[in-house]
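Since the structure comes first, as structure tokens, the remarks are kept for the end.
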Amino acid sequence: METLFPGGSGRLRLVDPAESGGDEQVEAAYEPAVADEDEERDPEAEADGEGAVDELDVVREAPEPGVELEVQPAGKRIRSLQVLSGGEKSMAALGFTFALMLARPSPFYVLDEVDAALDEVNIDRFLELVDRFRDRAQFVVITHQAGTMEAADALYGVSMPGNGVSQVISRRLPREAGPALAVAPDAA
């Protein structure tokens with residue numbers, strides 16, 4: 001997680017509504033901090049941020065039993081995945097995925113557009129992790145991102161010339177010895 005969220009942290013949390021006293025109490029814990037419509041609004045207080053709805057004060061249904069991933073990007077408080085940006089969600093999911101790779105290794109992984117919501121800095125962080133794991137597994141990454149394609153050992157794509165028949169194209173790129181990273185550009 002440190003590679004993906006420098007200065008941040010993450011954890012898995014067991015969610016069991018029965019332990020918190022039942023569904024009614026769990027729902028009450030997630031009620032919004034919004035003034036009633038009948039109350040008079042103070043424009044000055046709203047300009048100062050008072051009375052504003054915090055993004056965490058969102059009404060949610062009682063959580064289902066299971067596991068919840070919580071992430072704390074540097075300088076922010078702990079948040080569930082539901083309130084993170086698209087890029088933060090992708091980075092958190094990648095961190096969890098790579099942690100699973102350590103616990104339950106597999107010889108290959110298929111990652112479908114995991115870098116779609118990432119900016120260039122975060123794509124570089126993702127590729128740093130892929131590079132670290134290259135000696136243990138082979139990755140097939142489906143992507144539109146040029147930076148991810150440039151890091152590949154092989155590219156596979158689908159082309160449709162004028163006759164309407166799809167054609168698979170592959171190119172092996174000269175790289176240093178070691179397990180391969182195959183990238184399949186998304187043919188949308």
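Restricting region 69-92 to residues that are over 20 Å from ASP124 (Cβ atoms) and in contact with a strand residue (DSSP E or B) (Cβ under 7 Å, 6 or more places away or on another chain), which is most open to solvent (accessible area, probe 1.4 Å)?
ILE78
What tally of residues in region 98-131 results from selecting those that are in contact (Cβ under 8 Å) with a residue 60 or more places away in the chain, among the charged types (D, E, K, R) and in a helix (DSSP H, G or I)?
Count: 2.
Assess whether GLY95 counts as being modelled with pLDDT of 70 or more, touching a Gly at 6+ places or on another chain (Cβ under 8 Å) and open to solvent by less than 50 Å² (accessible area, probe 1.4 Å).
Yes.
The values are calculated or read from the model by the stated rules, or taken from the named source; none is laboratory data. In this text, all values refer to a predicted model and were calculated from it rather than measured experimentally. Don't worry about glycine lacking a Cβ; one is built from the backbone with ideal geometry, like all the others, and counts go over all protein chains shown. Quick note on the areas: whole protein, heavy atoms, side chains included, nothing else; ligands and nucleic acids left out. Shrake-Rupley method; radii C 1.70, N 1.55, O 1.52, S 1.80 Å.
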